[in-house]
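Since every read-out is calculated from the coordinates, none of them should be taken as a lab result. Since we're looking at a predicted model, the values are computed, not measured. No Cβ is skipped: glycine too gets one built from the backbone with ideal geometry, and neighbour counts run over all protein chains shown.
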Amino acid sequence: MKVLHLFSNAKWTGPAEPALNLCVALRRAGVEADFACAPNAGAAVNKVVATARDRGLEPILEFHLSKHAHPIKNALDKLALARFLKRRPYDVLHCHLDNDHQIGLTAARKLGVPLVRSSYYGEGFPETARHRKLLAGTAFLIEPSKRAMERDEMEFGFPCERMRVVPGAVDLERFDPMREVPDARSWLGIPPRAFVVGIVARLQTHRHYEDFFQAVRKLVDREPNTRAIVVGRGTKQAEVGKQPVVALGLQEHVHFPGFVEGEEYVGMLKAFDAFVFLVPGSDGTCRAVREAMAMAKPVVAADRGMLREIVDDGETGFICDGSPESLSRALHRLATNLQLARALGRAARAKALREFSLDSQAGTVKEIYQRLVNK
């Protein structure tokens with residue numbers, strides 16, 4: 001079975017790694033999965049291309065596959081993709097983002113190739129005419145959550161028999177709490193006995209950092225041995241991060257390592273005693289939460305997006321309303337009861353092993369492909 005995946009971006013955006021990981025896992029499962037992405041990243045390094053090659057995938061770079069719809073580039077891509085599929089036939093076309101979906105739709109219809117779309121909209125597709133048109137030509141929709149599936153059925157009339165919830169997956173070998181990884185606490189100069197709260201999110205105004213820092217202030221007032229690590233960067237990092245920390249007098253308690261990747265990123269997660277997540281970003285499936293759970297970290301999450309479907313309140317962490325008061329209460333429970341924190345973390349790791357496996361995800365997706373091909 002041959003499947004072509006389209007990814008219309010050159011940036012290492014939220015869905016990039018899940019899409020690449022799925023292709024790699026599908027190949028292990030015996031599917032001839034190819035990956036086409038944007039060849040041009042401007043002056044920046046094309047990390048999507050570089051990472052694909054690092055993981056054994058030689059990407060197809062014959063199309064523009066721009067992030068945003070472009071009248072000329074999209075028209076050229078539609079023609080080029082149709083010619084490409086005639087020259088190299090595939091059984092299924094698998095799209096991941098809105099613009100590659102729009103490009104792939106024309107060729108799929110013209111050649112009679114079933115089109116599968118992976119959605120990264122945790123609460124369902126935006127209610128727009130564009131998305132209505134895209135879904136109308138989709139043979140099968142892979143949903144990230146029950147909430148998204150129910151909403152897309154209600155808002156767009158998409159048939160439930162052509163949808164399936166496939167949980168987001170992470171590399172459970174990479175995110176293994178027993179592995180030796182760089183010691184982030186030593187790097188940042190954090191005392192060994194400190195209670196460390198971690199957050200991974202871009203420093204942007206809509207990510208509710210003001211609530212996080214106020215919660216940390218309340219926690220520090222009760223537990224002075226608290227430290228917080230903010231993993232991420234953004235154009236608003238001074239306004240959103242460092243200035244509020246100074247205003248709250250938290251300079252000695254909050255660390256800003258910036259954007260961290262590779263083994264250093266895994267080391268950061270390992271340094272946390274608790275993980276906080278407040279609002280989904282460009283990947284509505286909240287992959288960072290699954291990575292933290294795989295690292296056996298209890299998660300304190302706001303009740304936004306699909307987070308309630310990932311974190312089981314009272315079992316793998318706590319769900320709260322996202323206010324500084326509710327965040328600080330949940331974190332205080334963990335800071336003053338490390339036995340509870342570790343038990344929740346073990347349960348989080350167990351759930352990751354059951355539900356977030358890449359090979360399990362690939363097996364389910366392969367079944368979907370087979371069903372479409374047989375039909």
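Filter the cross-link list Lys110/Lys375; Lys67/Lys236; Lys47/Lys133 down to pairs whose alpha-carbon distance in this structure exceeds 24 Å.
With Cα atoms farther than 24 Å apart: Lys47/Lys133.
Along the charge dipole of the range 184-355, pointing to its positive end and built from +1/-1 on Cβ of Lys, Arg, Asp and Glu, which listed residue (Gln237, Leu219, Gln339) has its Cα farthest out?
Gln339
Using the alpha-carbon centroid of each, what span in Å lies between the range 113-148 and the range 1-63?
Comparing the Cα centres of the range 113-148 and the range 1-63, I get a distance of 20 Å.
By how many nm would the segment from Ala247 to Thr364 grow when fully extended, if each residue of separation counts as 0.36 nm and the alpha-carbon distance is taken off?
37.2 nm
Along the Cα→Cβ direction, 7 angstrom out, place labels at Glu62 and Lys146. What is the inter-label distance in nm?
Each label point lies 7 Å from its Cα, and together they span 4.3 nm.
Lys78: which aspartates and glutamates have alpha carbons under 16 Å from its alpha carbon, excluding same-chain residues fewer than 8 sequence positions away?
Glu62, Asp98, Asp100
Once label points are set 7 Å from the Cα along Cα→Cβ at both Ile72 and Asn337, what is their separation, rounded to one decimal in nm?
So the two model labels end up 6.3 nm from each other.
Work out, step by step, the length gained on full extension between Asn225 and His206: first 0.36 nm times the residue separation, then minus their alpha carbon distance; give nm to one decimal. Show your work: numbers first, answer last.
Values: separation 19, 0.36 × 19 = 6.84 nm, distance 2.86 nm.
Going from the current span to full extension adds 4.0 nm.
Take the chain, connect every pair of alpha-carbon atoms lying under 10 Å apart with a spring to form a Gaussian network, then pick out the residue of Pro244, Pro18, Pro114 with the largest mean-square fluctuation.
Its mean-square fluctuation being the largest, the pick is Pro244.
Order these peptides, 37-46, 289-298, 304-313, by their mean beta-carbon neighbour count within 10 angstrom, highest first.
Averaged packing, sorted descending, gives the order 289-298, 304-313, 37-46.
Mind listing P(r) for the chain? All alpha-carbon pairs, 10 Å bins, whole percents.
With a bin width of 10 Å, the distribution comes to 5, 23, 31, 23, 13, 4, 0.
Run the dipole for the chain about the Cα centre, Lys and Arg Cβ at +1, Asp and Glu Cβ at -1, nothing else charged, and hand back the magnitude in debye, nearest 20.
On the way: 54 positive and 45 negative charges, 170 e Å.
Computed charge dipole of the chain: roughly 820 debye.
Take Trp12, Trp187 and order them by how many other Cβ atoms sit within 10 Å, fewest up front.
Ranking Trp12, Trp187 by Cβ neighbours within 10 Å, fewest first, gives Trp187, Trp12.
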